[in-house]
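See structure below.
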Amino acid sequence: MSCRHLPAIARCSWLARLTRALLFFACTFLPAYALAQTAADSDKLLTFWAGTLPVILAAPHGGREAIPGITPRRGVGVPQFTVARDSNTAELAEAIAVKLRQRLGATPFLIIARFERKFVDANRDPAAAYEMPQAKPYYESYHRAISQSAETIRQKWGSGLLLDIHAQGTQAEAIFCGTDNGKSVSQLQKQFGNAALRGPKSLLGHLASTGYKILPDLTSQERESRYTGGFTTRTYGSHQGTRIDAIQLEIGSNLRAKANLERTANDFADAIEVFAREYLLCRNSDCAFAPSLPRR
Ligand SMILES: [Zn+2]
């Protein structure tokens, strides 16, 4: 019997039941299906290397990919809203990791957001990072990778270093450092004093001795003012009891230019190695990793 042969009231109730059944199906099964799709997709826009060194390299703003089905953020009411890409920071982070692998036969943890910042800003708290619910898995994949890497480092080596790699366009040859004026590197300071932050075998001190302009100047008492770190250094830094010292690095445009990328990556790998040998690998109780590093 077709629908039009039914009395109006019966037709209504038949349609109502069908509609309810369809709604129930849609509400029960589709979100789970959609979530599974987006969870898988979100990992495709993330570069993640599980490291064999207690060092995390993160690059949240260098991505070049659109996120399917997501419109660019508008930033209404979001402080310090920007959608600008940190050009060549994804490439630089990866090049540093490759250089470390070539030098040491060991790799840092590498976490690169491949999605464009205009869709998700991975260096913001969740409320300011994305606007559409479909963007959430991309943000969460990125931060899950950092927190899991930090946890692995704590378990295997006790403590570690996180470098959050960014770009600035105000001083082409300079690197601004952000640590919330020492908070996110408080464990290093406590354990080894200023030498671990500014000395010749510190990461920044070694870069400075290689000729890089580090700001604020390491020899001055100047405080960080222009760049003081961001969500990542504030969340994962050692002042939170994480045992991960975190530094945000805002790298000048000449240092990130394609023609100079290889040299910059090499110098960073050199500085990371010098720092790690002095302050990272052998300060842990078992020093389990150190013997497998090539001797110098
Ligand atoms: Zn940035």
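Each value in this text was obtained by applying a stated rule to the coordinates, not by laboratory testing. Everything numeric here is computed off the predicted structure, so don't read it as measured data. Here Cβ is always computed from backbone atoms with ideal geometry, including for glycine, and neighbour counts include all displayed protein chains.
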Of all residues making up the range 139-185, the number that are more than 20 Å from Ala208 (Cα to Cα), of a type in the set (Phe, Trp, Tyr) and more than 12 Å from the chain's Cα centre (by Cα): 1
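Evaluate the range 170-179: report whether one residue or more is closer than 24 Å to Gly252 by Cα, hydroxyl-bearing (Ser, Thr, Tyr) and in contact with a helix residue (DSSP H, G or I) (Cβ under 7 Å, 6 or more places away or on another chain).
Here is the first cut: in the range 170-179, the residues closer than 24 Å to Gly252 by Cα are 170-179.
Among the residues that remain, those that are also hydroxyl-bearing (Ser, Thr, Tyr) are: 170, 179.
Pick out the ones that are also in contact with a helix residue (DSSP H, G or I) (Cβ under 7 Å, 6 or more places away or on another chain) and you get 179.
Within the range 170-179, one or more residues are closer than 24 Å to Gly252 by Cα, hydroxyl-bearing (Ser, Thr, Tyr) and in contact with a helix residue (DSSP H, G or I) (Cβ under 7 Å, 6 or more places away or on another chain).
For the range 180-211, which positions are assigned to a loop (DSSP other than H, G, I, E, B) and either crowded, with 20+ Cβ neighbours inside 10 Å or at positive phi (or both)?
Going residue by residue through the range 180-211, those that are assigned to a loop (DSSP other than H, G, I, E, B) are 180-182, 193-194, 199-202, 210-211.
Within the range 180-211, Asp180, Asn181, Gly182, Gly193, Ser202, Gly211 qualify.
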- request: Considering only the range 235-257, state which residues are closer than 19 Å to Ala129 by Cα and either over 15 Å from the mean Cα position of the chain (by Cα) or within 14 Å of the ligand (Cβ to nearest atom) (or both).
  value: Gln248
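Taking the conditions exactly as written (over 16 Å from the mean Cα position of the chain (by Cα), aromatic (Phe, Trp, Tyr) and either buried (at least 22 other Cβ atoms within 10 Å of the Cβ) or within 23 Å of Asp270 (Cβ to Cβ) (or both)), does Phe119 satisfy them or not?
Numbers: over 16 Å from the mean Cα position of the chain (by Cα): no; aromatic (Phe, Trp, Tyr): yes; either buried (at least 22 other Cβ atoms within 10 Å of the Cβ) or within 23 Å of Asp270 (Cβ to Cβ) (or both): yes.
When the stated conditions are applied, Phe119 does not pass them.
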- prompt: Quick one: in the range 169-179, which of the residues that are part of a loop (DSSP other than H, G, I, E, B) and over 17 Å from Gln221 (Cα atoms) is nearest to the ligand (Cβ to nearest atom)?
  reply: Gly169
